[in-house]
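The values are calculated or read from the model by the stated rules, or taken from the named source; none is laboratory data. Since we're looking at a predicted model, the values are computed, not measured. Cβ placement follows ideal geometry from the backbone for every residue including glycine, while neighbour counts extend to all protein chains displayed.
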């Protein structure tokens, strides 16, 4: 017992570490499938006993007190898993037998590692911890299990080499075959072997997968195969598009305004979604074929101004056969970021069929600011944020043939500027919050607008909270802001929800219809319930409102199919859309807006143009926005004055909200923390064993120095010795000649002193005398003897 | 110098030096490192200042040295009334021959022991300047050559500063090294007692092991010891460090630097080498510097140690 005492630290620590690694592997398996409380109780009790064991070794005060208890602690550590298993059975939360047995093996080896006094018992601990390690690694289905196995093997190799190859390391300096290089070299070889083996079988790492509920993949293949094959029927937008739109490669259909009645701007430019169904018989306006009468274009222009309503109930789009129907003239040109949306009309109230704007956001004048000699007109509400915020961008908009006074602008446009214009009465904000030029028939063609828009970070969106019952913008206009209880809404909805055809025409009298329509709910109870259920399913487990919104948008974009050719059959387009999951972007936008309201956001529908990323004209430096780029999307309220947009329609680029670096870092950390932990553990292990590695590298350097000329070798040798002395905290004072220092370091060891003196004589002769060459053997001798450990021991002898 | 000496250095240089060590060691017990420095100083043609208490064997050492080398020893006891002519000698008018006769003073001996040098007046102290530096004395405008091996051992009493005339810097700079012999250790003291109780016939008597001519040859050999340029750099670095150090008022003069190199050569010879190593320079640094550094603090040793630790020594390469 006395004899093995000094060896306690390293061997016992290594054996215990091996045992701990194997226990960690078993616990990692058990953690996810067992009762947490029982599991934690087991972990804590084993941990406590281990702490007691360590204290009994390390603290002299405790050692005396705990000596008697050592056998008890050892047995306790070993049998705790058995007790836990019995208790688990008793309280009805059983632990699998094999798991309990494996854990018991692990703890037994830990107890042996901590308390074993002979190397035989320690070897036993090694074997016992090795078995569960092997077993757990082979049954585990996590690809990371291999890491623990590799860790265990590395420590094991280290331990074995240390014990069996270097037993005589600290004996007489001459009698020992030196092993400073053997140990790190063996460990490195083992690690390299592991890595090489891993590279060879790397394909198999991801092979074991957890079974999940649902349909088994039948298409086979692996991650290298065609993504379309892997995801099965999935979205298949491309396939459907190719099948249903074979003619899409034909003539561009942009024959417009043929049969518009009460049409909106959207209707004017996009005939691909068809025309609103005509509910009430009204006088039809007859447009003429474009190629025939260009002049009539001007005459029908009155119908090109959007009306106050937007219908989601539509007819089959009209087909245009002739190639000559095509007009390629861009409506407007945009120079700025592509893939964004330019809003023209906004609608905040939905009655089940039609959207309309009820809240009054009208501003007759904007506040002018002079920036760089140009006069800008800012929305006073957004001005402060435009000044405070760091981000923002300015885009150039050139209006070509827009037959309206509205100015298409990106979201959160804070202000606009037209060269040489400083008249306040030229610009205003419409009732729905869109910029316009009052008092005109239309925006003068070829006007170039500078539009400054705010940018918003993803962090802001994430911190955005929803108010369940706050009415929008202080008026009672926004009924769809959430009654949180679906039942309540259904009850309140029932009288009017099934009354179809609250068409714009019938509600022409605004003062009468306003409050009624806006307080009514918008969907039938059945539709509402279906939608609510869908939202609940999609957003389950999510906390932040923005995350829920993202989930909804993601599901809409993946689970639903964009098909502009669908026709509304019933009088409830949204309900139909929910069932067929197929429809135009107006339905996507409407459903997204409704769902956003369901989770508490305030939302509004926006129509306008989509700046297609493919429409960029490199020669002109701008993107051409064509009539068919007319689009519908949704804006969500962020705060009192700012609305951010979301893109529910598949195929359209989603708006980019840049996350802050802090958010990016957090996400990265959340995704990669196991690797980070592993790296930290690895680095700390290397740091703790740094002495061995430095010694190893010095050895390697000395071996490589063989190829230098002898004088250089001498220099390298002295550098190595001085580095080692530095590690042993015996640095040479710069003023001390190396000869005196070396001989002084040998202390009382006469033999060593003689050898050192011989070496110094030769070295002096080479450095300051007449000799030119020094035999390597002479230096080798000194470099071999004066290892860090030897220097430490020698100088310890001196200081005592 | 000549090839014969270099080749035969093993026997011609080391044997007599070893005998000298043994002889001196048998007289001055337990002081081998001081004896080593005294021999080095002798080989380097320098003079030595012993800074010590009375009764530590200064005179014994000087006597033994003279006997070992078969030279004459003169001793002057420096008192305040000692005159320069008592040291150098004087011309006396001989009534018979009707001409001046020169009466050489103690400086014309091979070895001069100047006891308690700091108790005589600066005037008398200065009489030694020329003798020490140029190995000649000029009396009444007539230069008189001294022996080439002329060697001065001066002592001064550090405690007895009352009524003493501290040696001037010019005087100090003429000395190559300053040594403190100090009290012997216990074993040496027992040996001293034991040796003193022997019958006079049994006492060890130093015998001549080296002639003055031999000594001269050895001194010439020492001059020929090789000093590597890097070691010279080191010496200059050290010397400049003493001049630039804030704690030192007076650094090492060029003469001091020459002394330093020479005694380092002598030390290398004593170690049986024919080249000087940085270690040799460092070994003799303390005795060389302690005699000539004028520091603002009283602790000269720590200043020397700081300089020796901070000036980088040339490394093996």
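Here are the numbers for this structure:
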| read-out | value |
| --- | --- |
| Flag for residue B:65 being within 25 Å of residue B:205 (Cα to Cα) and touching a strand residue (DSSP E or B) at 6+ places or on another chain (Cβ under 8 Å) | yes |
| Index of the failed condition, residue A:122 passing every other in (1) in contact (Cβ under 8 Å) with a residue 60 or more places away in the chain; (2) within 44 Å of the chain's Cα centre (by Cα); (3) within 18 Å of residue A:22 (Cβ to Cβ) | (2) |
| Residue match in segment A:583-597 (condition: closer than 30 Å to residue A:380 by Cβ, assigned to a loop (DSSP other than H, G, I, E, B) and touching a strand residue (DSSP E or B) at 6+ places or on another chain (Cβ under 7 Å)) | no |
| Residue A:716 being in contact with a helix residue (DSSP H, G or I) (Cβ under 6 Å, 6 or more places away or on another chain), within 11 Å of chain B (Cβ to nearest Cβ) and part of a helix (DSSP H, G or I) | yes |
| Segment A:411-456: number of residues that are closer than 11 Å to residue A:366 by Cα and within 37 Å of the chain's Cα centre (by Cα) | 4 |
| Residues within segment A:619-646 that are outside any loop (DSSP other than H, G, I, E, B) and either touching a strand residue (DSSP E or B) at 6+ places or on another chain (Cβ under 6 Å) or modelled with pLDDT of 85 or more (or both), tallied | 17 |
| Single residue of B:30, B:70, B:89 found to be modelled with pLDDT under 85 and more than 15 Å from the chain's Cα centre (by Cα) | B:30 |
| Enumeration of residues in segment B:296-317 that are more than 8 Å from chain A (Cβ to nearest Cβ), surrounded by fewer than 19 Cβ atoms within 10 Å (Cβ to Cβ) and either out of contact with any helix residue (DSSP H, G or I) (no Cβ under 6 Å at 6 or more places or on another chain) or in contact (Cβ under 8 Å) with a residue 12 or more places away in the chain (or both) | B:296, B:297, B:298, B:299, B:301, B:302, B:305, B:306 |
| Failed criterion for residue B:55 (all others in (1) surrounded by fewer than 19 Cβ atoms within 10 Å (Cβ to Cβ); (2) in a strand (DSSP E or B) hold) | (2) |
| Some residue of segment A:127-136 being closer than 19 Å to residue A:12 by Cβ, surrounded by fewer than 18 Cβ atoms within 10 Å (Cβ to Cβ) and modelled with pLDDT of 85 or more | yes |
| Scope segment A:721-752; condition out of contact with any helix residue (DSSP H, G or I) (no Cβ under 6 Å at 6 or more places or on another chain), away from every other protein chain (no Cβ under 11 Å), surrounded by fewer than 20 Cβ atoms within 10 Å (Cβ to Cβ) and in a helix (DSSP H, G or I); matching residues | A:723, A:726, A:750, A:751 |
| Residue selected from segment B:284-295 under the condition surrounded by fewer than 23 Cβ atoms within 10 Å (Cβ to Cβ) and within 14 Å of chain A (Cβ to nearest Cβ), by the criterion nearest to residue B:238 (Cα to Cα) | B:285 |
| Residues being away from every other protein chain (no Cβ under 14 Å) and either surrounded by 15 or more Cβ atoms within 10 Å (Cβ to Cβ) or touching a strand residue (DSSP E or B) at 6+ places or on another chain (Cβ under 8 Å) (or both) - total across segment B:241-257 | 9 |
| Check on residue A:616, at pLDDT below 90, under 20 Å from residue A:539 (Cα atoms) and touching a strand residue (DSSP E or B) at 6+ places or on another chain (Cβ under 8 Å) | no |
| Matching option when the condition is closer than 19 Å to residue B:177 by Cβ, within 10 Å of another protein chain (Cβ to nearest Cβ), surrounded by 17 or more Cβ atoms within 10 Å (Cβ to Cβ) and touching a residue at least 60 places away in the same chain (Cβ under 8 Å), among B:270, B:215, B:238 | B:238 |
| Members of segment B:114-160 that are free of Cβ contacts under 8 Å to residues at least 12 places away in the same chain and surrounded by fewer than 16 Cβ atoms within 10 Å (Cβ to Cβ) | B:134, B:136, B:138, B:141, B:143, B:145 |
| Residue check, residue A:766 buried (at least 18 other Cβ atoms within 10 Å of the Cβ) and more than 10 Å from chain B (Cβ to nearest Cβ) | no |
| Given (1) facing another protein chain (nearest Cβ under 9 Å); (2) farther than 23 Å from residue A:714 by Cα, index of the condition residue B:279 fails | (2) |
| Residue in segment A:666-684 that is under 30 Å from residue A:603 (Cα atoms), more than 14 Å from chain B (Cβ to nearest Cβ) and part of a helix (DSSP H, G or I) present | yes |
| Enumeration of residues in segment A:769-800 that are in a helix (DSSP H, G or I) and within 13 Å of chain B (Cβ to nearest Cβ) | A:778, A:779, A:782, A:783 |
| Filter result for residue B:221 (more than 17 Å from residue A:740 (Cα to Cα), at the interface with chain A (Cβ under 9 Å from one of its Cβ atoms) and in contact (Cβ under 8 Å) with a residue 40 or more places away in the chain) | no |
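Table: residues versus (1) at pLDDT 90 or above; (2) more than 18 Å from residue B:59 (Cβ to Cβ).
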residue	(1), (2)
B:116	no, no
B:127	no, yes
B:131	no, yes
B:138	no, yes
B:163	no, yes
B:166	no, yes
B:178	yes, no
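Every residue, every condition in (1) within 23 Å of residue A:445 (Cβ to Cβ); (2) without any contact (Cβ under 8 Å) to a residue 12 or more places away in the chain; (3) in contact with a strand residue (DSSP E or B) (Cβ under 9 Å, 6 or more places away or on another chain); (4) buried (at least 20 other Cβ atoms within 10 Å of the Cβ), yes or no:
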{"residue": "A:351", "(1), (2), (3), (4)": "no, no, no, yes"}
{"residue": "A:358", "(1), (2), (3), (4)": "no, no, yes, yes"}
{"residue": "A:375", "(1), (2), (3), (4)": "yes, no, yes, no"}
{"residue": "A:384", "(1), (2), (3), (4)": "no, yes, no, no"}
{"residue": "A:396", "(1), (2), (3), (4)": "yes, no, yes, no"}
{"residue": "A:408", "(1), (2), (3), (4)": "yes, no, yes, yes"}
{"residue": "A:420", "(1), (2), (3), (4)": "yes, yes, yes, no"}
{"residue": "A:425", "(1), (2), (3), (4)": "yes, no, no, no"}
